[in-house]
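Reading through the structure tokens given below for one structure.
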Amino acid sequence: MTSSEPTFEYESGGDDDVSIHRIRTEGPQSGTIGPRPHHVVFVLTDGHATLSDDGGSTWEVPAGRPMILSAPVAYAFDTRATGMTLLHVAPSALGDADEPSVFVQPEPDDPGVEPLLALLREVADRIVDPTLDADERAALNRRVTTVVTSTFTRSRSDVEHRLRRAIRFVHDHAGEPIDVADIAAGAELSERGLQDLFRRRLAVTPMRYLREVRLDRVHLELTAPGGGIRTVRDVAHRWQFAHLGRFAAHYRQRFGESPNESMRRAGRTFG
């Protein structure tokens, strides 16, 4: 943060994934905070603040209302408070990979922020405790990141961008032996984040979506016009279907006929 009043003090602790910074000030603070490595959730203990982002949105923030400063966004602030708590969370801990998410601020009367406020009251002292052992800290970090992701939703454009990247990756690499980890990396998400995104937006798992894309590719190849000898086995294997029995069952479920029936209907030679 840059500030017009440098007289403030930090009490801080945590690790690279999750840390707490408690600020005490002697007067009003104003300035800017640019894009940064971490997302920052802040809660004023008293007073109020005015917050603006680089997209032109402005919020009046009372004491006790949590707000999130998304890592890739720049903000201007003007605070009239004597204290605040800042929770720093690494984008990777929230399921991001190379490209941090942009989050939506909660509505002023949103009751969904209460679990986060309760958690901060409960665990802030433990997060800053330097004697906390590694296993306990890891478990605590998981609790914090779970509550943060349930409190703040990603912006629609951010979600749609990541979903498009995942879908594009699946279509581009459907003929390769890819798995969930590969798709997640292609969308710059964690595996858990990818699973949640597909369930929420498409109501399928990423691997189910991949299977349907592969089935469509098989269907197109088996029914394409033109001559030539093709075997169902060869086409299925080319699209990463190793178990022919399961492949045939999934194919029939999707297209209402067997692979051989598709080839007959298209006038193709099969083996």
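The values are calculated or read from the model by the stated rules, or taken from the named source; none is laboratory data. Every value quoted in this text rests on a predicted model; they were computed, and no experiment measured them. Quick reminder, even Gly has a Cβ in these numbers, built from the backbone with ideal geometry, and neighbours come from all protein chains shown. SASA here: full protein model, heavy atoms, side chains in, ligands and nucleic acids out. Shrake-Rupley method; radii C 1.70, N 1.55, O 1.52, S 1.80 Å.
How many residues are open to solvent by 10 Å² or more (accessible area, probe 1.4 Å), of a type in the set (A, V, I, L, M, F, W, C) and over 20 Å from G27 (Cα atoms) when one looks only at region 52-80?
Residues meeting the conditions: 3.
Looking at E99 and the list (1) in a helix (DSSP H, G or I); (2) at pLDDT below 90, which single condition is not satisfied?
(1)
Which is open to solvent by 30 Å² or more (accessible area, probe 1.4 Å) and part of a loop (DSSP other than H, G, I, E, B), of T146, T131? Talk me through it step by step, then tell me what you get.
Details: T146 fails: part of a loop (DSSP other than H, G, I, E, B).
Result: T131 is the single residue among T146, T131 that is open to solvent by 30 Å² or more (accessible area, probe 1.4 Å) and part of a loop (DSSP other than H, G, I, E, B).
Out of the residues in region 81-96 that are in a strand (DSSP E or B) and at pLDDT 90 or above, state the one that is most open to solvent (accessible area, probe 1.4 Å). Let's see the steps before the verdict.
If we filter region 81-96 for residues that are in a strand (DSSP E or B), which is where we start, we get 83-89, 96.
Still in the list and also at pLDDT 90 or above: 83-89.
Details: G83: 4, M84: 19, T85: 28, L86: 9, L87: 1, H88: 45, V89: 2 Å².
In this case the residue turns out to be H88.
May I ask you to list the residues in region 41-80 that are assigned to a strand (DSSP E or B), within 17 Å of A118 (Cα to Cα) and aliphatic (A, V, I, L, M)?
Within region 41-80, V41, V43, L44, M67, I68 meet the criteria.
So E176 passes all but one of these: (1) part of a helix (DSSP H, G or I); (2) out of contact with any helix residue (DSSP H, G or I) (no Cβ under 7 Å at 6 or more places or on another chain). Which condition number does it fail?
Evaluating E176 over (1) part of a helix (DSSP H, G or I); (2) out of contact with any helix residue (DSSP H, G or I) (no Cβ under 7 Å at 6 or more places or on another chain) leaves (1) as the failure.
Inside region 203-220, can you point out the residues that are open to solvent by less than 30 Å² (accessible area, probe 1.4 Å) and either more than 18 Å from the chain's Cα centre (by Cα) or at positive phi (or both)?
Residues satisfying the conditions are L210, V213, R214, L215, V218.
Here is a check on your reading of the model: is A181 free of Cβ contacts under 8 Å to residues at least 24 places away in the same chain, of a type in the set (A, V, I, L, M, F, W, C), surrounded by fewer than 16 Cβ atoms within 10 Å (Cβ to Cβ) and assigned to a helix (DSSP H, G or I)?
Numbers: free of Cβ contacts under 8 Å to residues at least 24 places away in the same chain: yes; of a type in the set (A, V, I, L, M, F, W, C): yes; surrounded by fewer than 16 Cβ atoms within 10 Å (Cβ to Cβ): yes; assigned to a helix (DSSP H, G or I): yes.
Answer is yes for this residue.
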